[in-house]
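K.L.:
The structure under discussion is supplied below as structure tokens; questions concerning it will follow.
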Amino acid sequence: MSARPLALSSRIPQGFAHAGLLWPSLGVILVFMVAPIAIMLTYSFLVPGAYGGVEWTFSTAAYEQILFERDFLDDSLTFTPDYLIIVARSLIQATVATLLCLVISVPTAYYIATRSDRVKNIWLFLITIPYWVNLLIRTIALLFVLRDDGPINSALLDVGVIGQPLALSYNGFAISLGLIYSFLPFMVLPLYSAFERFDFRLLEAAYDLYASRRVAFFRIVLPVMRPGLIAGSLLVFIPSVGSYLAPDILGGGKTLMIGNLIGTQFQAARNWPFGAALSMILLTITLIVLLWLARRAAQQQRSN
Amino acid sequence: MQRAIIEPNPTPPADSKAASPSKPGSLLQHPNSVAAEVRNLRKIYNVGSPQAHEALKDVNLSIRANEFFTLLGPSGCGKTTLLRILGGFEMLTSGTCRIFGEDVSRLPPEARPVNTVFQQYALFPHMTVRRNIAFGLEMLGKPKAEVERTVERMLDLVHMREYADRRPDTMSGGQRQRVALARALAPQPKLLLLDEPLSALDLKLRQKMRLELKSLQRETGITFIFVTHDQEEALAMSDRVAVISNGHLQQVGTPEDIYEQPQSRFVADFIGESNLIEAKVADSAGSEAAFDIEGFGQVQAPIGQRVEVGQQVWLSIRPERLVLGAVHREGPQATVTDRTYLGNAVEYHLRAGKHALTARSPRGGLRGRQDFAPGDAVSLGFEPGSIKVLLS
Amino acid sequence: MSTARLRDLRVFPGFGLLSVGCVVFLYAPIVVLAIYSFNDGRSVTRWAGFSLRWYQTVFANQNIQTAAMNSVVIAVIAASVATVFALGAAIATVNGKKGGGEGAYVVLTFPLMVPEIVTAVASLVFFVAVGISLGFATILIAHIVFCIPFAYLPIKARLESMDATLPSAAADLYASPAKGFLRITLPLLVPGLVSGWLLAFIISLDDFIITALVAGPGATTLPLHIYGMLRLGMTPEVNAISTLMLAASTVLVLISGLLGQAGRKH
């Protein structure tokens with residue numbers, strides 16, 4: 001028979017062609033992303049080399065260092081909360097940023113979703129641009145307005161409301177604001193698409209059953225929106241915890257978060273195992289949160 | 001209506017491929033030759049896995065050249081699988097599949113002299129109507145001039161000339177349907193497969209397209225294999241119908257055969273409506289037999305096969321062939337439980353012993369026919385030859 | 001309700017005002033930054049008249065030009081390679097859902113799940129461990145890796161929204177698998193390819209932290225250069241170069257938005 005067998009046709013991708021298409025991407029990610037993280041995991045159980053790098057001696061010192069300080073002379077461990085405070089600060093900053101983003105985004109996303117199609121597109125476009133604009137530039141812009149001699153302080157000084165510049169930059173407040181400013185669009189966009197799918201007849205039913213606007217919003221709209229709220233919160237929380245630029249630029253290097261602490265270990269401090277251990281902790285936090293979300297999503301799907 | 005006619009002796013599309021022994025030109029002279037034939041065809045999805053599912057169970061079928069053949073059955077019965085195997089989109093598990101004598105069981109779709117009208121049409125959205133119709137001819141490597149000529153003829157054939165340079169997404173369902181037909185007919189296939197092509201259209205358009213499809217088939221002389229779950233569609237258009245249920249071929253025959261002479265309870269029930277009544281053979285003599293129906297009495301009916309006294313059978317009676325009358329004589333009786341006005345007919349729901357029956361009389365109460373109300377007792381009469389005896 | 005006035009049932013009072021506030025909050029800093037880039041004066045605070053002098057300074061700066069050139073070259077190569085790889089992966093994962101599709105999807109989107117700083121230090125450690133010297137090549141490799149999921153997701157979405165019977169229809173009309181792909185599938189994938197490429201391009205152009213760690217001493221990109229300038233203090237040049245990058249990002253987002261709309265009309 002002259003013709004080719006059916007198995008070669010386009011609809012049934014043969015194992016060979018399938019692998020040829022898939023493996024360039026998989027290979028690149030496995031080699032340059034997954035393998036490096038495996039190396040990091042290994043390094044986190046080694047000891048730092050004298051001039052950077054590592055020495056191949058097994059040790060859990062890198063993890064102990066997060067909680068304890070080892071005395072040079074007698075090798076005794078004393079509890080030091082310094083690093084723990086940085087981890088806690090990262091979690092608190094990220095939580096605060098997430099909550100404030102929620103408060104701003106819920107009404108905004110709802111408002112956009114209830115506009116007419118044309119107006120909606122303009123609003124969406126306005127939110128999308130900052131989403132894609134360079135994060136470094138946006139952080140610099142925020143620093144520019146918050147500085148002691150920035151436009152806000154200058155204006156307030158000129159009017160005479162204040163005698164001295166307000167300390168708006170280089171502190172925890174600036175970091176919080178920076179995180180919100182950085183990741184606010186990450187919250188608005190998924191919430192918007194959740195509100196888009198909202199069945200507004202539910203609202204009519206609530207009013208029909210004598211609910212007030214406030215009750216209808218908090219008892220009907222928000223509970224139905226829960227999956228969207230959770231997804232948006234994670235999209236803000238995860239990058240916030242590991243954020244580097246906002247604390248680096250707006251915190252003025254004083255109030256560190258875990259991202260900066262990791263960066264420092266590979267730059268100035270040259271303690272790779274400690275940096276690797278911190279990275280593993282950050283990665284674990286992130287993956288736990290993501291896994292939790294994935295399981296919730298799966299449950300949601302099953303119950304529907 | 002004047003229509004462009006496809007040349008009676010077209011060049012078969014498969015000429016460009018090595019394997020194509022028969023030419024449509026020769027088969028027009030032998031209208032009884034076999035267009036498609038499947039033998040012992042089985043299709044099992046997910047072979048060897050726990051979700052294995054046998055979609056076709058040992059199907060044998062011959063489709064004659066130039067006929068309008070319909071595969072009819074409820075959704076999930078295997079009719080679309082059979083069509084997809086003929087088209088080459090699905091691999092058969094065992095058995096053979098021949099098209100004009102050639103074994104195509106292992107050929108990919110592009111090597112089969114067969115074209116398909118897909119259920120949702122599958123028109124290429126980035127191409128104009130003209131380019132869609134030309135696609136198959138271009139793939140066959142036809143000369144430009146011939147492609148142009150055929151496309152023009154196809155545009156006329158389906159009355160889409162004025163839409164030739166539009167894209168499919170700007171057109172209505174009926175228009176897309178015509179383009180899909182023209183695209184599939186353009187390469188002059190030996191077999192045209194149609195996968196529920198009318199299901200996406202509204203009722204009025206569907207009825208119109210039925211007539212158009214039928215006359216298109218007659219004009220082109222191409223064998224059409226049509227898949228549908230709509231029995232009315234099947235009866236209206238087909239030369240022959242194959243009724244499929246649960247992967248089994250139930251019955252093959254002309255629309256009249258299928259409707260008037262159902263050979264199984266499934267066919268009697270699926271094609272039109274039937275009252276199916278369980279009965280026992282009381283007496284059998286030659287081509288007639290008497291049947292006992294519990295709580296009902298005895299009825300006479302002609303039989304096609306031998307039956308034994310005491311054998312369990314089913315009797316099938318169409319609602320329109322059940323005649324109701326006033327109770328004035330011996331014989332089966334029933335009570336009217338409900339009356340439904342249907343416009344052109346009246347339907348009566350009846351109870352006779354443990355049996356629930358349906359009778360339909362055209363424009364009840366008029367033209368001398370008596371009308372009945374719920375609660376009325378009626379006598380049941382059967383038109384001669386209206387009772388079919390079914391053994392399975 | 002005490003008032004008999006019938007209002008739009010969907011309206012919640014105050015939401016519109018908050019939305020306006022949200023947009024103002026997002027835009028005010030970048031607009032102010034852009035305005036002050038036109039300030040004729042060394043001081044970045046006091047307005048001293050309109051001037052383009054800082055842009056002239058930026059355009060005259062050889063280092064900025066080199067950095068910008070590097071950024072663009074890296075972004076173009078990284079986006080292109082990532083798009084080609086992602087196209088293959090999308091076709092493989094969408095067609096062959098049955099075998100290990102879940103696993104492939106997790107790996108392909110893995111770079112999105114790892115915090116950027118962790119990716120950055122892990123890449124650095126990896127390159128040092130296997131002995132690849134840091135520079136242009138390591139930046140490029142790192143960019144290709146994190147660009148793949150951004151290119152993959154739009155292509156996959158486009159492929160999934162495509163009528164799955166179209167390749168069958170092409171085969172039915174005598175197209176070989178290769179011809180069917182070139183004539184039917186590929187043209188229909190173009191909007192997905194374009195938006196995937198653009199996303200990858202923007203992401204590559206924007207990246208700071210990963211680039212900063214794997215760049216090594218020699219190579220630099222525009223964000224790295226700006227960050228370096230910032231270490232010397234907030235200068236009007238920073239404003240000018242930032243404004244230029246803002247404009248570039250905005251134009252890219254505009255293009256991808258318009259292309260997306262054109263694609264949807266199809």
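K.L.:
Looking at A:MET280, is it at the interface with chain C (Cβ under 10 Å from one of its Cβ atoms), surrounded by 13 or more Cβ atoms within 10 Å (Cβ to Cβ), modelled with pLDDT of 85 or more and in contact with a Lys or Arg (Cβ under 7 Å, 6 or more places away or on another chain)? Break it down into steps so the answer makes sense when it comes.
P.N.:
Numbers: at the interface with chain C (Cβ under 10 Å from one of its Cβ atoms): yes; surrounded by 13 or more Cβ atoms within 10 Å (Cβ to Cβ): yes; modelled with pLDDT of 85 or more: yes; in contact with a Lys or Arg (Cβ under 7 Å, 6 or more places away or on another chain): no.
Answer is no for this residue.
K.L.:
I'd like to know if segment C:22-40 contains one or more residues that are hydrophobic (A, V, I, L, M, F, W, C), surrounded by 15 or more Cβ atoms within 10 Å (Cβ to Cβ) and more than 10 Å from chain A (Cβ to nearest Cβ).
P.N.:
yes
K.L.:
Right, another one. Which residue is nearest to the other protein chains (Cβ to nearest Cβ), if the candidates are limited to segment B:166-216 and must be over 25 Å from B:PRO109 (Cα atoms) and of a type in the set (Ser, Thr, Tyr)?
P.N.:
B:THR170
K.L.:
Still on this structure, please answer the following. State the number of residues belonging to segment A:134-175 that are part of a helix (DSSP H, G or I), at the interface with chain C (Cβ under 7 Å from one of its Cβ atoms) and among the charged types (D, E, K, R).
P.N.:
Result for segment A:134-175: 1.
K.L.:
If you don't mind, another one. Just to be sure before I move on: is C:ALA86 assigned to a helix (DSSP H, G or I), buried (at least 24 other Cβ atoms within 10 Å of the Cβ) and more than 7 Å from chain A (Cβ to nearest Cβ) in the structure I sent? Steps first, please.
P.N.:
Numbers: assigned to a helix (DSSP H, G or I): yes; buried (at least 24 other Cβ atoms within 10 Å of the Cβ): yes; more than 7 Å from chain A (Cβ to nearest Cβ): no.
No; evaluated as a whole, the condition is false for this residue.
K.L.:
Out of segment C:41-57, which residues are hydroxyl-bearing (Ser, Thr, Tyr), within 9 Å of chain A (Cβ to nearest Cβ) and touching a Ser or Thr at 6+ places or on another chain (Cβ under 8 Å)?
P.N.:
Narrowing segment C:41-57 to residues hydroxyl-bearing (Ser, Thr, Tyr): C:43, C:45, C:51, C:55, C:57.
From the residues that got through so far, the ones that are within 9 Å of chain A (Cβ to nearest Cβ) too are C:43, C:45.
Correct list: C:THR45 only.
K.L.:
Here's a follow-up. Just to be sure I understand, how many residues within segment C:151-167 are closer than 30 Å to B:GLN188 by Cβ and out of contact with any helix residue (DSSP H, G or I) (no Cβ under 7 Å at 6 or more places or on another chain)?
P.N.:
First, pick out the residues of segment C:151-167 that are closer than 30 Å to B:GLN188 by Cβ: C:162-167.
If we keep only those that are out of contact with any helix residue (DSSP H, G or I) (no Cβ under 7 Å at 6 or more places or on another chain) too, we end up with C:163-165.
Residues meeting the conditions: 3.
Residue-wise test of (1) assigned to a loop (DSSP other than H, G, I, E, B); (2) hydrophobic (A, V, I, L, M, F, W, C); (3) more than 22 Å from B:GLU37 (Cβ to Cβ).
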residue	(1), (2), (3)
B:LEU235	no, yes, yes
B:ILE244	no, yes, no
B:GLN250	no, no, no
B:GLU256	no, no, yes
B:PHE266	no, yes, yes
B:GLY272	yes, no, yes
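K.L.:
Limited to segment B:61-83, what total is found for residues that are in a helix (DSSP H, G or I) and touching a residue at least 60 places away in the same chain (Cβ under 8 Å)? It would help to see each step written out before you state the result.
P.N.:
Here is the first cut: in segment B:61-83, the ones in a helix (DSSP H, G or I) are B:79-83.
Narrowing further to those that are touching a residue at least 60 places away in the same chain (Cβ under 8 Å): B:79-80, B:82-83.
The number of residues fulfilling the criteria is 4.
K.L.:
Quick check: anything in segment C:178-187 in contact with a Leu (Cβ under 7 Å, 6 or more places away or on another chain) and either in a helix (DSSP H, G or I) or surrounded by fewer than 21 Cβ atoms within 10 Å (Cβ to Cβ) (or both)?
P.N.:
Let us first name the residues in segment C:178-187 that are in contact with a Leu (Cβ under 7 Å, 6 or more places away or on another chain), namely C:184.
Still in the list and also either in a helix (DSSP H, G or I) or surrounded by fewer than 21 Cβ atoms within 10 Å (Cβ to Cβ) (or both): C:184.
Yes, because at least one residue in segment C:178-187 is in contact with a Leu (Cβ under 7 Å, 6 or more places away or on another chain) and either in a helix (DSSP H, G or I) or surrounded by fewer than 21 Cβ atoms within 10 Å (Cβ to Cβ) (or both).
K.L.:
Condition check: assigned to a helix (DSSP H, G or I), modelled with pLDDT of 95 or more and either crowded, with 19+ Cβ neighbours inside 10 Å or not β-branched (Val, Ile, Thr) (or both). Does C:ILE155 satisfy that?
P.N.:
Numbers: assigned to a helix (DSSP H, G or I): yes; modelled with pLDDT of 95 or more: no; either crowded, with 19+ Cβ neighbours inside 10 Å or not β-branched (Val, Ile, Thr) (or both): yes.
Against the criterion (assigned to a helix (DSSP H, G or I), modelled with pLDDT of 95 or more and either crowded, with 19+ Cβ neighbours inside 10 Å or not β-branched (Val, Ile, Thr) (or both)), C:ILE155 does not qualify.
K.L.:
Quick check on my filter: what residues within segment C:188-209 are buried (at least 23 other Cβ atoms within 10 Å of the Cβ) and more than 10 Å from every other protein chain (Cβ to nearest Cβ)?
P.N.:
Correct list: C:GLY192, C:SER195, C:GLY196, C:TRP197, C:ALA200, C:PHE201, C:SER204.
K.L.:
Among (1) in a loop (DSSP other than H, G, I, E, B); (2) more than 13 Å from chain C (Cβ to nearest Cβ); (3) touching a strand residue (DSSP E or B) at 6+ places or on another chain (Cβ under 6 Å), there is one condition B:GLN119 misses while meeting the rest; what is its number?
P.N.:
(2)
K.L.:
All but one of (1) hydroxyl-bearing (Ser, Thr, Tyr); (2) crowded, with 21+ Cβ neighbours inside 10 Å; (3) within 14 Å of chain B (Cβ to nearest Cβ); (4) assigned to a helix (DSSP H, G or I) hold for C:TYR174; state the number of the condition that does not hold.
P.N.:
If we test C:TYR174 against (1) hydroxyl-bearing (Ser, Thr, Tyr); (2) crowded, with 21+ Cβ neighbours inside 10 Å; (3) within 14 Å of chain B (Cβ to nearest Cβ); (4) assigned to a helix (DSSP H, G or I), just (4) comes out false.
K.L.:
Scan segment B:136-150 for residues that are surrounded by fewer than 23 Cβ atoms within 10 Å (Cβ to Cβ) and either within 8 Å of another protein chain (Cβ to nearest Cβ) or aliphatic (A, V, I, L, M) (or both) and report the count. Spell out the reasoning first.
P.N.:
From segment B:136-150, those surrounded by fewer than 23 Cβ atoms within 10 Å (Cβ to Cβ) are B:138-149; that's our starting set.
In the following step, the residues that additionally are either within 8 Å of another protein chain (Cβ to nearest Cβ) or aliphatic (A, V, I, L, M) (or both) were identified as B:139-140, B:145, B:147.
Residues flagged as surrounded by fewer than 23 Cβ atoms within 10 Å (Cβ to Cβ) and either within 8 Å of another protein chain (Cβ to nearest Cβ) or aliphatic (A, V, I, L, M) (or both) within segment B:136-150 amount to 4.
K.L.:
How many residues, within segment C:91-117, are assigned to a helix (DSSP H, G or I) and either charged (D, E, K, R) or at pLDDT 95 or above (or both)? Give the derivation first.
P.N.:
Step one: filter segment C:91-117 for residues assigned to a helix (DSSP H, G or I), giving C:91-95, C:101-113, C:116-117.
If we keep only those that are either charged (D, E, K, R) or at pLDDT 95 or above (or both) too, we end up with C:102, C:116.
Number of matching residues: 2.
K.L.:
Does segment B:175-222 hold any residues that are under 17 Å from the mean Cα position of the chain (by Cα), buried (at least 22 other Cβ atoms within 10 Å of the Cβ) and charged (D, E, K, R), and which are they?
P.N.:
B:ASP195
The values are calculated or read from the model by the stated rules, or taken from the named source; none is laboratory data. Since the structure is predicted, the reported quantities are computational estimates derived from the model, not experimental observations. When we count neighbours, we look across all protein chains shown, and the Cβ atoms used for this are built from the backbone with ideal geometry, even at glycine.
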